[in-house]
Amino acid sequence: MKTKAKDTKPYHHGNLRDALLTAARRLLETEGHSDLSLRKCATAVGVSATAPQNHFANKAALLTALAAQGYAELEAYMRRNSNEAADRNVRRQAALQGYVAFAQDHPALYELMFARDRVSSNDADLMRQVGACFVILADISKDFGQFEGDPASVDAKRQMFLWSLVHGYAQLLTANRFKKDAMLGAGILDIIPDMLIESGR
């Protein structure tokens, strides 16, 4: 009678969580989030198929952790060419350009961060990273254009407008949708109407 072969792959792998996330990022870029799995990550790292369960209960948990990484990196991109002492217009321009640059540099991760039903929206780490990005959005949206309503409503509209603008532009750019000659080479700052920008600090 034949006995079932034992899984000889190691169960532990040093800092397995980070190793799995690194493998997942590589697979995400090459195969997309739909085909990514814990088993594939385990194989890439060289551990048993059950080892990832110590850190990620399921695929959604792994994707959520990747999305949290993405938002942390997005925040860094939005801050990298400016500082809090700079004029708000300078901070705004740097943040918008950083947002677009992140989407261009990490298109698969960018797509995952906004994919429906792929990540856990109540994950504490993810929400913390998302919140850090919203702090930047709230800052650069101040004094941006004229909207009607009470102060809270005006702030919300400004944030929605600016986020919709940069997010839509980034998605269309990474999807190579700007094909007309007149559109080629137009950056995010080129499509913001001057009439909507007021000076502010």
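Each reported figure results from applying straightforward, stated rules to the coordinates on display, with no laboratory input. Keep in mind the model is a prediction, meaning the values are calculated, not measured. All Cβ positions, glycine included, derive from the backbone under ideal geometry; neighbour counts span all protein chains shown.
One decimal place: the segment SER121-ALA85 gains 9.7 nm when fully extended, by the rule 0.36 nm per residue minus the C-alpha distance. The alpha carbons of the stretch 10-56 give a radius of gyration and a Dmax of 9.7, 28 Å, in that order. Working note: Cα gyration tensor of the stretch 87-175, eigenvalues times five, square-rooted, sorted largest first, giving semi-axes of 23, 17, 12 Å. Extending 7 Å from Cα along the Cβ direction at ALA49 and again at MET160 yields two label points whose distance is 4.7 nm. Under 18 Å from a label point 7 Å along Cα→Cβ of ASN58: give me every residue in the stretch 28-48 with its amide N that close. Answer for the stretch 28-48: 33-41. The trypsin sites (Lys or Arg not before Pro) of the stretch 117-193 that DSSP puts in a loop, and whose beta carbon has at most 13 other beta carbons within 10 Å, are ARG177, LYS179, LYS180.
Counting only helical runs of four or more DSSP H residues, what would the 222 nm mean residue ellipticity of the chain come to if each run contributes -39,500 (n - 2.57) and the total is spread over all its residues?
Calculated at 222 nm, the ellipticity per residue is -18500 deg cm²/dmol.
What do you get for GluC sites (Glu not before Pro) in the stretch 21-114 restricted to DSSP loop and a cutoff of at most 13 other Cβ within 10 Å of the site's Cβ?
GLU84
Give me the Debye-computed log₁₀ of I(q)/I(0) at q = 0.25 Å⁻¹ for the stretch 38-82, equal point scatterers on Cα only, no solvent, two decimals. Reported log10 I(q)/I(0), two decimals: -0.82. Split the chain at each of the chymotrypsin sites (Phe, Trp or Tyr not before Pro) in a DSSP loop with at most 15 other beta carbon atoms within 10 Å, and the longest piece is 12-113. Going by Cα centres, the stretch 116-178 and the stretch 49-70 are how many Å apart? Here the two parts' Cα centres lie 26 Å apart.
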